[in-house]
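What follows is a set of notes on a single structure, which appears directly below.
Read-outs throughout are calculated quantities, based only on the coordinates presented, and are distinct from any laboratory measurement. Quick caveat: nothing in here was measured; it's all calculated off a predicted structure. Quick reminder, even Gly has a Cβ in these numbers, built from the backbone with ideal geometry, and neighbours come from all protein chains shown.
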Amino acid sequence: MSEAFYTDKARVRASFEKAAGSYDAAAVLQREVSDRMAERLDYIRHQPALILDAGSGTGYGAAGLRRRYPEARVLELDLAHAMLLASRARQREGDGLLKKLFKPSAPWQTVGDIERLPLADASVDMIWSNLAIQWVNVPDSVFAEFRRVLKPEGMLMFSTLGPDTLSELRGAFGGVDAATHVNQFIDMHDLGDALMRAGFAEPVMDMEKIVLTYDEARGVMRDLKAIGAHNATAGRGRGLMGKHAWRRVEEAYERHRRDGKLPATYEVVYGHAWKGTGKKLAKMTDDGRQVIEFVKKTPRAD
């Protein structure tokens, strides 16, 4: 991978710290993907006692996990402290008066990097990670960490973004200058291979495209800023784009307008895998998504 495409983690952290207050208003995609991930749990028999929400943001996914697994403890982990504070504030808003006075909600939370988890080996039963691992440069490191902290027969479920994400915006920026303006994302097949290298059993990947629509190109950029999804590549431009250059971007984006709206396409990749070989995922219903199962082959002895 070209160094120009590597993400600057310090910039990623700073962006999400700054976006914590505006995140929920713009995180339509994140909530939709979280809900679609949760539907996949209907097909899986697993009763975790401790769940790690890796890249928990403002806690939407963690709240759903608590409802689904009321006996489980959910640990929220995020790179940005402000995101965890926003999640805690939301949970306390739901407390009744007596609870607010005597025992306000105190969720399990920790600031941490998913590539260096501050957790003991074999300490969690399930890892849930919604739209977080696209911010790492090499998936092998995060999958190795996930496998390290999972207990035997523990489950990993994650979503991330594929390379066709924001293809309209990337194309509109093409030719403006030599800088990268849109983050680069890893192909589904490469993620499946990385799961195998990390030692996960029976990894299954599938992909779908979700299209959000906008009245103008600036609306796409505003939402990306509001959720902290700034361009964090090493090859990004360091200065502000001039009015003439931005006008060229808007004109190029206009070529994608359909039915009065501008599309912003997201390639969403989902993955499931187990630590160990004793479990197998149920097959999903065929609803038009591409499904690929990665199976390790053993050479046949002649």
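Annotations for the structure displayed:
- Shape class for region 182-234, computed from the alpha carbon gyration tensor (a ≥ b ≥ c): prolate, with a/c not under 1.5 and a/b above b/c.
- Which of Leu212, Leu52 has the fewest Cβ neighbours within 10 Å, and the rest in rising order: Leu212, Leu52
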